[in-house]
Structure formats: C-alpha cells, structure tokens
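Data first, discussion second: the structure below is written as structure tokens.
The values are calculated or read from the model by the stated rules, or taken from the named source; none is laboratory data. None of these values were measured; they are calculated from a predicted model. Glycine gets a Cβ as well: all are built from the backbone with ideal geometry, and neighbour counts include every protein chain shown. Please note that ligands, DNA and RNA were not included when accessible areas were found on the heavy atoms of the full protein model with its side chains. Shrake-Rupley method; radii C 1.70, N 1.55, O 1.52, S 1.80 Å.
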Amino acid sequence: MTLALHQYLSPLLQRGLDVLVLGCTHYPILKAPIVALCGPTVAVIDSADQCAQDVARRLAAAGTLQDGDEAGGLTCHVTDESPRFSALAKRFLGMEVGAPVQVSPDALYADASARPVRKAS
C-alpha cells in the first residue's frame, strides 16, 4: 500500500503540493499513511470530515441535531447484497453495525414522493 501511495503522490509532492483533498469515500481509511507520506508541510483535507461537519451544522440549524449524550442508532441501507458489508462498515465507521436493510433500486423510485424533484430550466 505504501508503495502505491508513493507512486500516486510523488509527482504531486515534487510539484510543491501544499493542500491535498481526500475526495473519495474510501480515502479516509488511508488518511494516516497519506499524511505521513505528505509530511507536515501539506494540509490534508478529509472531505468526509468536512461533509460530516456540514451535516451537523444543517441539523443544528434545523433543530434536529441530537445531544451527544442521547443514544442514537444506525441503520444501513444497501442496494446490493455484500457479504463484506459489515466488515467494511466496521473498518470505515470504527464500530460494529447491524445487518443492512437491502432495498432494490426499483423500490427506491416506486413511490412518486421518493423520486428526485427536477426543476425546469
């Protein structure tokens, strides 16, 4: 893994990279080795962290953000069955998750109210 990261990042680092945005969903797993490879002069921005902060701000503004002391829950929904889901979810989230609820793609749009609303241009 370190060799692959080195091969991908070396050209950027050689050009004087000062900010790197981790823009893909699986990059947070690689954040620590990426930060180590880039060194202290490169700011590594985790888009997942930024997205979570934005969601927290929006929930707070809507008055729906739960207090950290309140028990919450997590239900995962998937569109395909993956025997590796629980292991991957634990790795990404750092916690055990229950079995996911499988939802067929057709069911996502079966109800007209569930369809995305597109504004006329």
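Yes/no matrix, rows are residues, columns are (1) over 30 Å from Lys31 (Cα atoms); (2) exposed (fewer than 10 other Cβ atoms within 10 Å of the Cβ); (3) at pLDDT 85 or above; (4) of a type in the set (Val, Ile, Thr):
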site: Ser82; (1), (2), (3), (4): no, no, no, no
site: Met95; (1), (2), (3), (4): no, yes, no, no
site: Gly98; (1), (2), (3), (4): no, no, no, no
site: Ala112; (1), (2), (3), (4): yes, yes, no, no
site: Arg115; (1), (2), (3), (4): yes, no, no, no
site: Ala120; (1), (2), (3), (4): yes, yes, no, no
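Could you please tell me which pairs satisfy a Cβ distance under 9 Å, a separation of 6+ or placement on different chains, a first residue in segment 58-73 that is under 20 Å from Leu93 (Cβ atoms) and modelled with pLDDT under 90, and a second residue that is of a type in the set (A, V, I, L, M) and part of a loop (DSSP other than H, G, I, E, B)?
As it stands, the answer is Leu59/Leu65, since those pairs meet every condition given.
If the Cβ limit is 8 Å and pairs must be 6+ apart or interchain, which residue in segment 83-105 that is free of Cβ contacts under 8 Å to residues at least 60 places away in the same chain pairs with which residue that is of a type in the set (Gly, Ala, Ser) and loosely packed, with under 11 Cβ neighbours inside 10 Å?
Cβ pairs passing all conditions: Ser86/Ala99.
When the residues of segment 31-58 are narrowed to those that are outside any helix (DSSP H, G or I) and either charged (D, E, K, R) or touching a Lys or Arg at 6+ places or on another chain (Cβ under 9 Å) (or both), which ends up most open to solvent (accessible area, probe 1.4 Å)?
Going through the qualifying residues, I end up with Val44.
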